[in-house]
Each structure stands twice: as C-alpha cells, then as structure tokens.
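See below for the structure under consideration.
The values are calculated or read from the model by the stated rules, or taken from the named source; none is laboratory data. From a predicted model like this one, the values you see are computed outputs, not experimental measurements. Reconstructed Cβ throughout: ideal geometry from the backbone, glycine too, with neighbour counts over all protein chains shown.
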Amino acid sequence: MVGPRIDDTPSDLFISRQLSWLEFNRRVLELAQDEKRPVAERLRFLVLSAENLDGFFMKRVDALRREAELGIPDDGPWPHTPAEELVEVGVIVREMMATQAALWRDCLQPRLASEGLAVTSFADLDSTTKQWLSRHFLDQVFPVLTPLAVDPGRPFPYISNLSLSLAVVVDPKDDAPLFARVKVPANQPRWLQLPDGSGVVALEEVIGAHLKHLFRGMAISGCYPFRVTRSVDVPREEEDGEDLMDFAQEVLRDRRFAPVVRVEVDERMPVDTRTLLAEELKVEQDDFYDWAGPLALVDLGALPGLADLTSTRPPWVGQPHPDLPVGGDPEALFGAIRERDVLVHHPYHDYDRTVVAFVQAAATDPKVRAVKQSLYRTTVASETLSALIDAAEAGKEVMALLELKARLDEAANIAWAQRLEQSGIHTSYGFVGYKTHTRITLVVREEDDGLRTYIHFGTGDYNATTAKSYTDLSLFTTRRELGRDVMELFNFLSGYAYAPSYHKLVVAPQAMREHLLGLIEAEIAHQRAGRGGRIVAMMNALADVPLIEALYRASCAGVQIDMIIRRECGLRPGVPGASENIRVRSVLGDFLEHQRVFRFGNGGDDKLFIGSADWMYRNLDSRIEALVPIDDDRLRSELVALLQLYLSDTAAAWTLGSDGQWTRVRPAPGEAAISAQDVMMMTVTPEA
C-alpha cells in the first residue's frame, strides 16, 4: 500500500498543536479528578493544570492572536486557521476553568477541611477571629498597600504579569462611581493562618474586608479580584541588539509591558468595570475569563500545612547509581566511567551524586586540563556552574555556552553569564537566530596513555530543581568517536568553524531531521524485505510535518510504530489506509516525563538514541540539538526495557484514538495496575 506523500496529506490526518496541548492539560486535570488519589496529590495536579494554563497563555496565545489578526493562513496542513484555533481555545479553556473551579469548590476544598486544613471565607469567620485579622491587617498588611485611583490626574496603573489585584468601585458623595486598583502584595503569604489553627483565609479577602481604611470617608460599592496574564513571546529581531546579552536584556525589559492575553476576573464583576479594564488593558471582552472561586489556583500549592497531611506520600529521594562511586573521589569516578558507559535515570538516581559529582570531580582533579559545558536552563544557585568557576580558579581551561534566550529563564542565565565571565571563563551566549538546547559536558583529562575525553550528555537541564521532578537520562562515556564529535561541536559553538560532519553525534539544525527520515525509510525497507519494521519513540511532543508524513508512509508499508508522547501530538493514529499500524499513548505520573528515547528495529539489530530534541519544527530547524547513539549492549537492553515498561503502563497512561480523543488506559479485570514510575522507583531502591 502506498501511503500519503508530502504536500498532499489530507488535513484531517493532523491534529492542531495548540488544541492537542490543551488535551494534554485535560489529562493532567483528570489526574486531579481521580478519587483514588490522596487529596494532597489531587490538589498538586489541580495546581499543575492551572500553572500549565498560565504558561499556555504566556507562551502561545499572543502569537496565535497576531496571526489571526493579520489573516495569516496556518503554516502546513493543519485542520484549522489561527482564527479558528483562537475561538476553539477560548471554548476549551473556559470549560477547563469551570471544571477546575468546581473540583476545588465541591470536592478538594471540603476534603482538605475534613483532614484539618480548612480554606475558609472571611465572611464565615466568627467575630473574635475577624477582630484578630483586623489587627493583623492594620499591623502587617495596611502599611504596604497602595490604593491607585484612576481619574484624569491619575492614569491607569501598570499591572504586572500574573499579579493579583482588586478592582475597587468607590461611590463618592454626589458624583459618579470611581475606579481604583489595589495590588495584593506578592511579598506576603497568600494564605493567612487563623490563630486557633482551624484553617486559613485568603489575603485578598482580608484586604477586601478592610477597604474602609484605604478609602476613608468613601462608600465601597464593590470589590472584585482580577488577574492579568501577559505574553512572554516578545517579537524582536535578534540582529537589532549589539550582542545577544543586549538582546536578552531588552527582551526582559520589553516583556514587562508585553500585550495582555488574558484577564481572569471574579464572575460577579459588573459590566462597567469590565469595560474600563478592557479599554485600559487594550483587550477584547473575549479575553476575559470568569472565575467562580479563588483566582490564581497555582497558589493553592503554597497552602500552609499541606505537606503535613497524613495522605501525602513522602517526597522521592534519589538513589546512588550502582556503577558510580559515592564519596567524591575523582580517580574512582573517572575510573568507573572509563571502565564502562553509564546510563543514569533521573530522578530515580540522584542528580547530585551523579551529574553534580562529575562536574565537581572535573573541577578538583589535578589531571583535568579542560572543561566545556553547554546548557539551556539553570537555577539561581547552581552547583554545576559553581564547579566550573572552581575549575577556572584552579587553572583549568573552562568554556561555557549559556543560552541567554531560554524563555522565562533569561534573568538567571544573564546573571550566571556575567558571573562566569568575571571568573575568567570563556563564555558564549549562543547563536543569533538559533537557541542552543543541547546539554553536554566535555572533560579533557591527562592520563598515562595520553589525553582522554569524558562526556556527559543529558536529555534534561543542568538544573537541580527539575532533576528532582523530571524524568531524564544521563549518559557518561569515554567513547573516542563520540568524544571527537563533541569537541568538534564545541569548536563550532564557540568559534568560526563550519558545522562539521560527525561520526556518531546527530546534530540539528544541520542534519537531524534528514537523519530521522533516513531511519524511518530504513524501517520501511526492512519491512518490505521481510525483516520486520519497528519504531518506538518517546518524547514530549510530535508536530513536525515531514516526520509525521514519514510515519504515515511507514505505517502504510506495515512498520509497527509505538509513540509515547507526553504533551501534544499532531499525528492521528489508527486511521485506515494511513496509520492503522501506529499507536500513540501518553504517560503522566508524579514526575514529569521529559526524556527522549528513540528505537529503530534495524532488522533485528536495534538502533537506539537518546536526545535533547522533540520532533517539532523549532527543535529541528531553529535550535542546536543533539541525538546520541547508545552503543553499549547492556545500555541498549536497558533502554529497550524502559520503552517496553512505558508501553505496559496501565496506571497513568492514555491512548489516542483515530478520532483524536484520548482514553484512559485501565488494567484488565483482576489485574493490578502497572505504573512505570513506581517500577522505576522500586528498581533503584536498595533492598532493606
């Protein structure tokens, strides 16, 4: 059977990337609705679903709106125009927000109260507690509040991104109602604990109950919480800045005044107040989203006492890797990596005792001559970057490529870039027009038989925070061909070298898509030759049109394909004549699935890769990414088993149907549910 070809694949074989992303968040919200989970876990997924929506609006909606306003047709064979997508986004998000609010109001809030953590309304408190809160307000809150009136002499105030505010309607004597804004201070706890320990009350409710102290002599006719979301997708040409440092700093400045893409409001807010906000914030009424409950559900994750609930599962503690020594001895660590390749599974294996230990060993080992690192996102306090500074101060040659354009992490990366430069480290900011997304550390060590290169390659960031909650893979190796490739890559990243041809490494944007297409075509050839075609791919997102069309062709040739996609998927599986041999599933657990693993059957001699890139246009054409082959037979078997484990998950998996709908996977009657993440935790936990 001949499958669909590039440029003539019907649009109904594709799923909109934005709408598919919202379906991913619906799956997260479904975990919050799971009554079998403890209430604290359900609340965590509710918070995550709200945080995801914040990110969706900040990162995606403004670009979609600009395309719709300009009448730009959708790029590629997608089934909707930007204008149609924008309308559908509004419908889905409103339905999702209504579900979130009802879940909190009708289920989680009462359940928390039954377990001793009551989130109480100020109006429901007794007079003694209200008096205590009045004293607290006057002593601790009132001094930091600033009421901002809006009239001809006082312009509408700047509203910062994701800040919580009160729209106050004031009725003066013998005049029209006036508007004022009171910002709920972000430097104070959102939830105030009641003196008798019976629960908490929201700060904005306490402020709203005491507005008479801010507007003395005035009648308050209404007080309505609202919250503004601004875009972080600031259109700016990178070439306009003198260098990428200037560009990143200008983006941060511009972002403060970026367009408003969403205004969340108390559902009771009257039309006149909405109209004023719409005019001043330069938004349409379609950009208003009503809430029937507390705004900023993300703050529920900071409820005091949440971690003390008896139903809360203790946080996972990463374990040491059996092939890597513990204790910080550089000779022992490098000796272990020299003996065999090591594959580390985060967060099951401890990040500090593997990745951090590797970089710290490079900094302190007198035999190490040079350290080079490429990283995307980091944290304000980074042990790996501190180790690079220690290495430079010890006289080693140190180079760091720190991507200044990592969205929402620009400020931390700028601060670290300046600190690294001041420490004498050769610091690069990346490339104009591209983001450097690959995460690699190269260590050059002088040994008895000459210089040897040690490589760390990670599917995740050098970030101690996400390393505790994201599933990722780390490869440690001394393979010479890979070492030469990584040296060539770093020379390309820091100098004027042309993009080289690599022996083992597969690099985007130079050749990754072409390489992946070649691997898919090879599976088609194996299938037609009777050797069987097999593809298993695990990633965050699939939206690249050429790769989707290649998978359709492979399916039509009989290649068996399993895709494990955490987030959005633009491919429609199970369609007769196009994708009946493709299965798509998503696994969502307590940890965020972030690893990228790719298996191609190769006629019985599997080719296995781990990588930093999803199968998306931005990764393959606009980022510097790397795909690393796994050559060690033991590690190859380990990856095959890992993929099979996720294909067997019946505890936290969904499958995508040919109609574009996701269905929760359930264990067969009488069988226990299999959780891939639980199995991984049990696998690495030492026996008692």
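Some points to look at:
- Any chance Ser16 is among the hydroxyl-bearing types (Ser, Thr, Tyr) and in contact with a strand residue (DSSP E or B) (Cβ under 7 Å, 6 or more places away or on another chain): no
- Entry remark, the stretch 19-43: residues being surrounded by fewer than 20 Cβ atoms within 10 Å (Cβ to Cβ) and basic (Lys, Arg) number 3 in total.
- For the stretch 629-646, the set of residues classified as farther than 12 Å from Leu343 by Cα, of a type in the set (A, V, I, L, M) and touching a strand residue (DSSP E or B) at 6+ places or on another chain (Cβ under 6 Å) consists of Leu643 only.
- Counting only residues that are within 15 Å of Val169 (Cα to Cα) and not in a helix (DSSP H, G or I), the stretch 189-231 holds 15 of them.
- Restricting attention to the stretch 476-527, the residues that are assigned to a strand (DSSP E or B) and β-branched (Val, Ile, Thr) total 3.
- Criterion (surrounded by fewer than 18 Cβ atoms within 10 Å (Cβ to Cβ) and of a type in the set (S, T, N, Q)) met by exactly one of Gln100, Gln188, Gln109: Gln188
- A residue that is under 14 Å from Arg262 (Cβ atoms) and among the β-branched types (Val, Ile, Thr) can be found somewhere in the stretch 61-71.
- Considering residues of the stretch 60-83 that are acidic (Asp, Glu) and loosely packed, with under 15 Cβ neighbours inside 10 Å only, the residue farthest from the chain's Cα centre (by Cα): Glu69
- If you go through the stretch 365-383 and keep only what is in contact with a Leu (Cβ under 8 Å, 6 or more places away or on another chain) and surrounded by 22 or more Cβ atoms within 10 Å (Cβ to Cβ), you end up with Val371, Lys372, Gln373, Ser374, Leu375, Thr378.
- A search for C-beta distances below 8 Å between a residue of the stretch 32-47 that is assigned by TED's automatic domain parsing to the domain that holds Gly589 and on the phi > 0 side of the Ramachandran plot and any residue that is part of a helix (DSSP H, G or I) and surrounded by fewer than 16 Cβ atoms within 10 Å (Cβ to Cβ), counting only pairs 6+ apart in sequence or on different chains, returns nothing.
- Identity of the residue in the stretch 303-353, acidic (Asp, Glu) and either part of a strand (DSSP E or B) or modelled with pLDDT of 90 or more (or both), that ends up farthest from Glu446 (Cα to Cα): Asp350
- Of the criteria (1) closer than 30 Å to Glu383 by Cβ; (2) outside any loop (DSSP other than H, G, I, E, B), which one Val265 fails: (1)
- Considering the stretch 641-682, the residues that are charged (D, E, K, R) and within 25 Å of the chain's Cα centre (by Cα) include one that is surrounded by the most Cβ atoms within 10 Å (Cβ to Cβ), namely Asp649.
- Criterion violated by Ala511 - all others in (1) surrounded by fewer than 20 Cβ atoms within 10 Å (Cβ to Cβ); (2) over 27 Å from the mean Cα position of the chain (by Cα); (3) among the aliphatic types (A, V, I, L, M) satisfied: (2)
- Any hit, the stretch 426-447, residues being over 21 Å from Leu489 (Cβ atoms), assigned by TED's automatic domain parsing to the domain that holds Val355, outside any strand (DSSP E or B) and charged (D, E, K, R): no
- Helices (runs of 4 or more DSSP H) contained entirely in the stretch 590-688, each with at least 2 residues that are closer than 27 Å to Asp34 by Cβ and in contact (Cβ under 8 Å) with a residue 24 or more places away in the chain: 633-647, 676-684
- Some residue of the stretch 132-141 being closer than 29 Å to Pro172 by Cβ, assigned to a loop (DSSP other than H, G, I, E, B) and of a type outside the set (Gly, Ala, Ser): no
- Of the residues in the stretch 131-151, none is surrounded by fewer than 16 Cβ atoms within 10 Å (Cβ to Cβ), among the basic types (Lys, Arg) and modelled with pLDDT under 95.
- Each residue in the stretch 303-347 was checked for being among the aliphatic types (A, V, I, L, M), under 30 Å from Gln193 (Cβ atoms) and surrounded by 13 or more Cβ atoms within 10 Å (Cβ to Cβ), and 3 pass.
- Val559 meets each of the listed conditions (1) under 26 Å from Arg666 (Cβ atoms); (2) touching a His at 6+ places or on another chain (Cβ under 9 Å) apart from (1).
- The residue that is surrounded by the most Cβ atoms within 10 Å (Cβ to Cβ), counting only those in the stretch 447-497 that are in contact with an Asp or Glu (Cβ under 9 Å, 6 or more places away or on another chain), touching a residue at least 40 places away in the same chain (Cβ under 8 Å) and aliphatic (A, V, I, L, M), is Ala467.
- Residue count for the stretch 528-552, restricted to those that are surrounded by fewer than 21 Cβ atoms within 10 Å (Cβ to Cβ), outside any loop (DSSP other than H, G, I, E, B) and not hydrophobic (A, V, I, L, M, F, W, C): 3
- Residue among Arg636, Arg664, Arg623 that alone is out of contact with any Leu (no Cβ under 7 Å at 6 or more places or on another chain) and within 30 Å of Ser501 (Cα to Cα): Arg623
- Members of the stretch 581-590 that are touching a helix residue (DSSP H, G or I) at 6+ places or on another chain (Cβ under 8 Å) and at pLDDT 95 or above: Asn581, Ile582, Arg585, Ser586, Val587, Leu588
- Just one residue in the set Leu103, Leu86, Leu108, Leu125 is more than 30 Å from Gln18 (Cα to Cα), assigned by TED's automatic domain parsing to the domain that holds Asp286 and either in contact (Cβ under 8 Å) with a residue 60 or more places away in the chain or under 30 Å from the mean Cα position of the chain (by Cα) (or both); that residue is Leu125.
- Screening the candidates Asp590, Asp605, Asp632 for the property of being farther than 29 Å from Lys468 by Cβ and surrounded by fewer than 22 Cβ atoms within 10 Å (Cβ to Cβ) yields one hit, Asp605.
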